[in-house]
């Protein structure tokens, strides 16, 4: 139930991204039952491919903790991390990754061994809500031609 | 010859990292014969696992260009990119990646299909100089116990 609770917080972030006409992906980092970082995808706003929700959440959480390892943290993200974000999460040694919708095209499940060996990965939490936001965004984009 | 010239500039960045007691990796981004970004690894200084030389070079180059795609750019980096950085370089659609030393443990050569299909990857430029800096750093670390 906690996973759903925190995924709803990540979904709130994804909705903020959608309002900015960004690919609607949101993330939060939770440590000892407390949300210590919230972020949404800002690649268009910042003109920067590295500005995925997870990357900003990692940087923000590390700033909060005052250390670069997130060994006691869970990262919640509405869509499966890409290889860049999975690689960053491995460096951060995050204890759990919980994602919503699978990314069939760009998701890191295509790359075995990319996660830190101690990281637990759980997918499919509030999957349909997370996927619906993505579908809404891309349908709108296509509609615009 | 140009590849060696620009790798020497990346090595200058790596030496700046070494002076800061950071893992000595440096990068530059070159566009039409001009260096448009220089960066070194700052993960300890910034307490942030995402602060690899390549990540900062991508952000800096995109800021200079005013767009997030680096399709006409070559990224030079003293050590083979990790999956995080290779993933970021794929999103940026960088045209060439030139690296010095291979990273046997964490290098992205362990993950096939991580690069953008149009990106050309060249390794081994000034390999021994690039590797020597890394060896010097880790020998010192071990010496400290």
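Can you tell me the orientation of helix A:2-19 relative to chain A, as the angle in degrees between its alpha-carbon axis and the longest Cα principal axis, to the nearest 10?
It works out to around 40 degrees.
Taking beta carbons within 10 Å but only from partner chains, what does the mean come to for residues A:55-64?
Taking the mean over all residues of the peptide, I get 3.
Treating the stretch B:80-119 as a set of equal point scatterers at the Cα positions, no solvent, please give the Debye-formula log₁₀ I(q)/I(0) at q = 0.19, 0.30, 0.31, 0.35 Å⁻¹.
-0.47, -1.10, -1.16, -1.31
Using 0.36 nm per residue of separation minus the Cα-Cα distance, give me the extension gain between residue A:129 and residue A:105 in nm, one decimal.
So the extension gain works out to 6.8 nm.
So for A:6, A:69, fewest C-beta neighbours within 10 Å to most, what's the order?
Least crowded to most crowded, the residues run A:69, A:6.
When the Kirkwood radius is taken over all Cα pairs of the stretch B:1-41, what Stokes-Einstein diffusion coefficient follows at 4 °C and 1.567 mPa s, in µm²/s?
The calculation lands on 128 µm²/s.
Using a label point 7 Å beyond Cα on the Cα-Cβ vector, give me the inter-copy distances for residue B:106 in nanometres, one decimal, shortest first.
Here the equivalent label points are 2.4 nm apart from this one.
Across bins of 10 angstrom width beginning at 0, how are the C-alpha pair distances of the stretch B:5-129 distributed, in whole percent?
Once binned at 10 Å, the Cα pair distances of the stretch B:5-129 give 15, 51, 32, 2.
In degrees, nearest 10, range 0 to 90: what is the angle between the Cα axis of helix A:127-143 and the longest Cα principal axis of chain A?
40
Would you look at the GNM of chain B, springs on alpha carbons closer than 10 Å, and say which of B:14, B:53, B:132 moves the most?
Highest fluctuation of the listed residues: B:132.
Can you pull the mean other chain C-beta count within 10 Å for peptide B:43-52?
Average neighbour count from other chains, rounded to a whole number: 6.
For the protein assembly as shown, restrict the atom set to alpha-carbon positions and state the Rg and Dmax in Å.
When restricted to Cα atoms, the protein assembly as shown yields Rg and Dmax of 18.8, 62 Å.
For a Förster distance of 25 Å, can you work out the FRET efficiency between the beta-carbons of residue A:8 and residue A:139, rounded to the nearest 0.05?
The calculated FRET efficiency here is 0.65.
Just from its helices, what would the mean residue ellipticity at 222 nm be for the protein assembly as shown, if runs of 4 or more DSSP H residues each count -39500 (n - 2.57) and the sum is divided by every residue, rounded to the nearest 500 deg cm²/dmol?
It lands at -13000 deg cm²/dmol.
Between copies, how far apart are the residue B:46 label points? List them in nm, one decimal, shortest first, with each point 7 Å from Cα toward Cβ, please?
Listed shortest first, these distances are 0.9 nm.
Going by average Cβ density within 10 Å per residue, which order do the peptides B:112-119, A:109-116 take, highest to lowest?
A:109-116, B:112-119
Read-outs throughout are calculated quantities, based only on the coordinates presented, and are distinct from any laboratory measurement. Here the structure is a predicted model, which means the values were calculated and not measured. Methodologically, a virtual Cβ is constructed for each residue, glycine included, from the backbone with ideal geometry; neighbour enumeration extends over all protein chains shown.
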